[in-house]
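A short write-up of the structure that comes next.
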Amino acid sequence: MSESVHHATLAEPLTLRRGPAWPNRLALAPLTNKQSQRDGALSDDEQRWLVRRAEGGFGVVMTAAAYVSVEGKAWEGQLGVHDDAMLPGLTQLATAIRAAGAVSSVQLHHGGRRADAHVSGQPLVAPWNDAKYAARALTVPEIEHVVDAFIGGAVRAQEAGFDGAEIHGAHGYLIAQFLDTRMNHRTDRYGGSLENRYRMMREIVSGIREATSPDFQVGLRLSPERYGIHLEDAQAIVGWALECGDLDYVDISLWDAFKAPHGDDSGDRLLIDEFTSIPRGETRLTVAGKITGAADATWCLDRGADAVFVGTGAILAHDFARQAIADEAYRHPEQPVTREHLREQAVGEAFVDYLATGWSDFVI
Ligand SMILES: Cc1cc2nc3c(=O)[nH]c(=O)nc-3n(C[C@H](O)[C@H](O)[C@H](O)COP(=O)(O)O)c2cc1C
């Protein structure tokens, strides 16, 4: 279990190794909302969606996955952090989130083989030559270029006034593609052994740390299973991430915080425990997945997490955090909800459409 036996309440602030303390234990999960402009610039709808979550009591407000490089752009309407031309919108957003009292962060993303060539106008790239997605293997100089793009994104986020950035190493996008045991058989220093498969991620982490100020908060989001990642590998990577000293928190994207490890029907083990039990020193450990209300969030803290990231609940209720802190029986509204309900929660039309078509059970 964690070194500390103290279990925090949802309202309790969380100090991190660097940067501002989180005002409470409820953070807005990164949520793709497809509301950005064609060139990746922030839109009014996206600003309103995020600022309302800061006003609704979330201690941290994270942007959607934002592309660090054009060939990594994965959706129409994706937020960009790839170019200085994005700075005016990003600055406006960071300023408004701070004014509303939340800590702000940009999620740094590259889609790799799961980018969209039609949207980006660029050929797809991946760690390997991928016939299924028609993606080409990155050369070593190109990998170095991608590492630089992640670093550039973090520097831009800092310049815009964000308190931090989160590296998206989860869900089968480029960084997770490198981690993939089944598929990454590169014979150079970026493939094969675990050491090699997570080399790019390590270079991104240390590169961002070197290029940003000592109080810039850097997090890493990881998938613990699926996407060709074995639990043992995920534990080894999280172990490194927690002790490397360059990261302020590691977020485990569980999709369901209450689930057993994949393929384990014994009922004896929960996936969350496989990570909260890893020594973490001064680095914080957070989780996400099916946190439907105050009791679920508190359960995660009691289980040893330092904070939780809330996705669905924050879409359905802009003030999920304030309500969960005020009422231990609070649960988010039942799904599905009407378009009108979502509009009232500052979910813009493009986001409502995306929820209606891309995800089941959100919209009636
Ligand atoms: C509409 C939607 C968009 C999402 N976009 C992202 C994203 O951009 N980056 C990311 O890391 N996870 C993304 N996720 C995953 C969420 O951050 C979260 O981890 C997941 O939904 C589980 O939490 P929940 O049950 O509270 O929704 C998305 C999830 C949803 C439902």
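Evaluated against (1) closer than 17 Å to LEU16 by Cβ; (2) without any contact (Cβ under 8 Å) to a residue 40 or more places away in the chain, GLY289 falls short on exactly one condition, (1).
Condition check ((1) within 16 Å of the ligand (Cβ to nearest atom); (2) of a type outside the set (Phe, Trp, Tyr); (3) touching a residue at least 24 places away in the same chain (Cβ under 8 Å)) across all residues:
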residue	(1), (2), (3)
ARG113	no, yes, yes
ILE143	no, yes, yes
VAL155	no, yes, yes
TYR173	yes, no, yes
ASP188	no, yes, yes
SER193	no, yes, no
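Under the condition of being surrounded by 24 or more Cβ atoms within 10 Å (Cβ to Cβ) and in contact with a helix residue (DSSP H, G or I) (Cβ under 7 Å, 6 or more places away or on another chain), which residue from the range 295-314 is nearest to ALA346 (Cα to Cα)? The qualifying residue nearest to ALA346 (Cα to Cα) is ALA314. Restricting the first member to the range 302-313 and to residues that are more than 6 Å from the ligand (Cβ to nearest atom), and the second to residues that are aromatic (Phe, Trp, Tyr) and assigned to a strand (DSSP E or B), the beta-carbon pairs closer than 8 Å and six or more apart or on different chains are ASP306/TYR249; ALA307/TRP22; ALA307/TYR249. Reported count of residues in the range 314-357, each being within 14 Å of the ligand (Cβ to nearest atom) and either touching a Pro at 6+ places or on another chain (Cβ under 8 Å) or among the hydrophobic types (A, V, I, L, M, F, W, C) (or both), is 15. Within the range 264-279, the presence of a residue that is within 11 Å of the ligand (Cβ to nearest atom), among the aliphatic types (A, V, I, L, M), under 19 Å from the mean Cα position of the chain (by Cα) and crowded, with 18+ Cβ neighbours inside 10 Å is excluded. Using the structure shown, decide if GLN47 is in a helix (DSSP H, G or I) and more than 19 Å from SER253 (Cα to Cα). It is true that GLN47 is in a helix (DSSP H, G or I) and more than 19 Å from SER253 (Cα to Cα).
Given the criterion modelled with pLDDT of 95 or more, closer than 22 Å to ASP251 by Cβ, within 13 Å of the ligand (Cβ to nearest atom) and not small (Gly, Ala, Ser), identify the matching residue among PHE162, PHE58, PHE150. Exactly one of PHE162, PHE58, PHE150 is modelled with pLDDT of 95 or more, closer than 22 Å to ASP251 by Cβ, within 13 Å of the ligand (Cβ to nearest atom) and not small (Gly, Ala, Ser), namely PHE58.
Of all the residues in the range 217-259, those that are within 14 Å of ALA176 (Cβ to Cβ) and part of a helix (DSSP H, G or I) number 5.
The values are calculated or read from the model by the stated rules, or taken from the named source; none is laboratory data. Everything numeric here is computed off the predicted structure, so don't read it as measured data. A quick note on method: Cβ atoms are made from the backbone with ideal geometry, for glycine too, and the neighbour counts reach across all protein chains shown.
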